[in-house]
Amino acid sequence: MPLSREELRTRTLHLYEEANKGNVDIFAEALAPDFISYGGAGMQDLYGPEGFAGLYRTFLKAFPDLTFRVDDLIVDGDLALARGTLGGTHEGDFMGMAPATNEYISWTGSAFFRFDDEGLIDRRWQDWDGVAVMQQLGIVPGPYVPKPPAPTPPTNPGRVMSGTEVKDTLAEFIERVWNKGDLAYADELFHPAATSPSAPDLPTGATAVKQLAGMVRTAFPDYSMRIEQIVGEDDKVGARFVQTGTHDGEFMGLSPTGRSVEWTETGILRFEGGKVVESWYEADILGLMQQLGVGEEVAAGG
């Protein structure tokens, strides 16, 4: 029998609770023998419970007090999506790239977990703010600027949308705005005062969405986004996207390279009264920058 929503929620939270205690044995208990954790932001794919436990030990070596605070959890079918904040004191070498700084490092991340018929996790997909980590550790140039508090999201009382409705709405949003460039649809979908805590410096409402979509579609004229995983509950939807395109226009100050790239992103949208009032996004900007050749001259001694 498939797990209930509550069972999915309980098992996911238990995994994090035990990992936060430093109990690496939890991975042997919770992960299936054929478990795969797909990489991102420079991370390699990991196979089996021991493969994932090895990565966690690497992080614990660098951050002995590492914890993951679950800020959001959406479960649907055989999937669970956790969004949260990670942090720890940098007391050990990090992957041979950064000696201990003894500074507290924090970053955000999101992960999808898929459960098999025996209630074990057999797949994991993740997106995390690798740029923030690298900046705080001094691995990449540029000062790290902590995000300011997000504005208070608006209230918009009204009918609650079902999990199916929010998933259908997100799919339409991706197709119309991001794939076809129908930016006006964002005005219909987003409350004028909608906030995005993951990017609090951006304007509220649809303005930020249209700015970002316009920038990306200009930089990558053949841009395309597809949904790989999606979960929905009442008034809340989360999905992981795969984005592709050819870098034929300026992007974040980078001149066109002509390179074809592929990167992932995880997003969560919260609705009230049929409008998006709050949203969170975790894009693999580090992986994208690597594909665009950022840092290649430095690595080559140029």
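The values are calculated or read from the model by the stated rules, or taken from the named source; none is laboratory data. Only a predicted model underlies this, so the values are computations on that prediction, with no experimental measurement involved. Neighbour counts run over all protein chains shown; Cβ positions are idealised from the backbone, glycine included.
Data overview
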quantity	calculated
Single residue of 255, 198 found to be more than 18 Å from the chain's Cα centre (by Cα) and small (Gly, Ala, Ser)	255
Contacts under 8 angstrom Cβ, first residue in region 181-210 being β-branched (Val, Ile, Thr), partner assigned to a helix (DSSP H, G or I), 6 or more apart	209/177; 209/186
Members of region 223-247 that are touching an Asp or Glu at 6+ places or on another chain (Cβ under 8 Å) and among the acidic types (Asp, Glu)	233, 235
Residue among 258, 232 that is at pLDDT 95 or above, under 18 Å from residue 165 (Cα atoms) and of a type outside the set (Lys, Arg)	232
Every pair of residues 6+ apart whose Cβ atoms lie under 6 Å, when the first sits in region 1-22 and is within 11 Å of residue 119 (Cβ to Cβ) while the second is surrounded by fewer than 18 Cβ atoms within 10 Å (Cβ to Cβ)	3/119
Residue identified as closer than 22 Å to residue 187 by Cα, surrounded by 14 or more Cβ atoms within 10 Å (Cβ to Cβ) and at pLDDT 95 or above among 217, 240	217
Which numbered condition residue 133 misses (of (1) among the hydrophobic types (A, V, I, L, M, F, W, C); (2) closer than 18 Å to residue 85 by Cα; (3) surrounded by fewer than 20 Cβ atoms within 10 Å (Cβ to Cβ))	(3)
Qualifying residue in region 227-237 (condition: surrounded by fewer than 14 Cβ atoms within 10 Å (Cβ to Cβ) and touching a helix residue (DSSP H, G or I) at 6+ places or on another chain (Cβ under 8 Å))	yes
Which numbered condition residue 140 misses (of (1) modelled with pLDDT of 95 or more; (2) touching a helix residue (DSSP H, G or I) at 6+ places or on another chain (Cβ under 7 Å); (3) not basic (Lys, Arg))	(1)
Any hit, region 49-60, residues being more than 21 Å from residue 268 (Cβ to Cβ), of a type outside the set (Ser, Thr, Tyr) and without any contact (Cβ under 8 Å) to a residue 12 or more places away in the chain	yes
In region 113-137, residue modelled with the lowest pLDDT [restricted to those that are over 21 Å from residue 199 (Cβ atoms) and hydrophobic (A, V, I, L, M, F, W, C)]	137
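Residues checked against (1) surrounded by 18 or more Cβ atoms within 10 Å (Cβ to Cβ); (2) touching a helix residue (DSSP H, G or I) at 6+ places or on another chain (Cβ under 7 Å); (3) of a type outside the set (Asp, Glu):
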{"site": "144", "(1), (2), (3)": "no, yes, yes"}
{"site": "191", "(1), (2), (3)": "yes, no, yes"}
{"site": "201", "(1), (2), (3)": "no, no, no"}
{"site": "208", "(1), (2), (3)": "yes, no, yes"}
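Okay, residues lined up against (1) at pLDDT 95 or above; (2) surrounded by fewer than 18 Cβ atoms within 10 Å (Cβ to Cβ); (3) of a type outside the set (Gly, Ala, Ser); (4) under 29 Å from residue 236 (Cα atoms):
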{"residue": "15", "(1), (2), (3), (4)": "yes, no, yes, yes"}
{"residue": "27", "(1), (2), (3), (4)": "yes, no, yes, yes"}
{"residue": "48", "(1), (2), (3), (4)": "yes, yes, no, no"}
{"residue": "58", "(1), (2), (3), (4)": "no, yes, yes, no"}
{"residue": "65", "(1), (2), (3), (4)": "yes, yes, yes, no"}
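Table: residues versus (1) of a type in the set (Ser, Thr, Tyr); (2) in contact (Cβ under 8 Å) with a residue 12 or more places away in the chain.
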{"residue": "232", "(1), (2)": "no, yes"}
{"residue": "238", "(1), (2)": "no, yes"}
{"residue": "241", "(1), (2)": "no, yes"}
{"residue": "244", "(1), (2)": "yes, yes"}
{"residue": "247", "(1), (2)": "no, yes"}
{"residue": "253", "(1), (2)": "no, no"}
{"residue": "262", "(1), (2)": "no, yes"}
{"residue": "267", "(1), (2)": "no, yes"}
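Residues checked against (1) within 23 Å of residue 9 (Cβ to Cβ); (2) out of contact with any Asp or Glu (no Cβ under 8 Å at 6 or more places or on another chain):
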residue: 112; (1), (2): yes, yes
residue: 116; (1), (2): yes, no
residue: 123; (1), (2): yes, yes
residue: 134; (1), (2): no, yes
residue: 158; (1), (2): no, no
